[in-house]
Amino acid sequence: MSGHEINPNKWIDLYSDYLFNYTITRVRDRETAQDLVQETFFAGLKSMKNFKGQASERTWLISILKRKIIDYYRKINSNKGKAEVRMNLNFDGENEGDWLEQRVADPFDKTAENNLENTELGLAIHDCISKLPAKQAEVFKMKTLLGYETETICNELGITASNLWVIIHRARTSLASCMEKNWF
Amino acid sequence: MSKGFKLFVSCDKAAHTCDKTQYDEASLWEKIKLNIHLIYCKACRKYSANNAKLTKLTKNPEVDCLKNCEKEKLQTNFKKELKDH
């Protein structure tokens, strides 16, 4: 059974961003998403012996995560179903709940297909990021995805600004070619 | 100031400016120089286009990742669990 030894010590570093992105596109709440990811890791730890090594570790964790997300929705729906109050703020006349915000067309209204594509996009990007060297991946994530200021990153990581730009440049070059292959 | 008025820049400089523009950190003068460079440099044009494409993708709201402190929290919790295991 040693053919598929798995090493949980590295899970967080390797998979947490990927799993988190997978979750956040499905539950829309950072706190909940983090909890679900954490539960997934715990569950993975518990059932490590059952891992048959037929799929990659990540696929296996994702399959656990999927169940967790489904369970999460089941739980909130059963609670909510009992005590749900359906609100309709525009129910009679002009003056009831006359909030303009609710009548404006949603500019972010997207089709199902669009959403699907975006969900996969997030995963594709994380796929490519995970292929970068650790330092580049970290800097790129902080700068681009989290939107930190250059100065903040420099202070936190103890590098100079020109150093940072070189790292960013390398990361962007390899990411662009990776996305070129896998996405476009 | 005389250095600042150099109209033609090297590819290295141009690439650097291009990276900076992706984060809105390049000055107007730098952007002008970049654009002049792009007129005659095909390689940088390609890089610039790819770079912009990448930025567009990462700006997508569906692309998200954990903040460092959040990740640390996960890590410590997980370490605890791992010890008990």
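The values are calculated or read from the model by the stated rules, or taken from the named source; none is laboratory data. Because the structure is predicted, anything quoted here is derived from the model rather than measured. No Cβ is skipped: glycine too gets one built from the backbone with ideal geometry, and neighbour counts run over all protein chains shown.
Laid out as a table, the results:
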read-out: Complete set of residues in the stretch A:1-56 that are over 13 Å from A:Ile69 (Cα atoms), more than 10 Å from chain B (Cβ to nearest Cβ) and touching a residue at least 40 places away in the same chain (Cβ under 8 Å); value: A:Gly3, A:His4, A:Ile6, A:Leu14, A:Tyr15, A:Phe51, A:Lys52, A:Gly53
read-out: Count of residues meeting criterion [facing chain B (nearest Cβ under 8 Å) and outside any helix (DSSP H, G or I)] in the stretch A:154-183; value: 1
read-out: Residue match in the stretch A:113-125 (condition: at pLDDT below 65, surrounded by fewer than 11 Cβ atoms within 10 Å (Cβ to Cβ) and more than 22 Å from B:Ala52 (Cβ to Cβ)); value: yes
read-out: Number of the exception - B:Glu25 against (1) among the acidic types (Asp, Glu); (2) within 8 Å of chain A (Cβ to nearest Cβ); (3) more than 18 Å from A:Ile168 (Cα to Cα); value: (3)
read-out: Any chance A:Thr40 is at pLDDT below 85 and either surrounded by 16 or more Cβ atoms within 10 Å (Cβ to Cβ) or not assigned by TED's automatic domain parsing to the domain that holds A:Ile64 (or both); value: no
read-out: Options B:Lys6, B:Lys59, B:Lys53, B:Lys67; residue that is charged (D, E, K, R) and more than 20 Å from A:Gly147 (Cβ to Cβ); value: B:Lys6
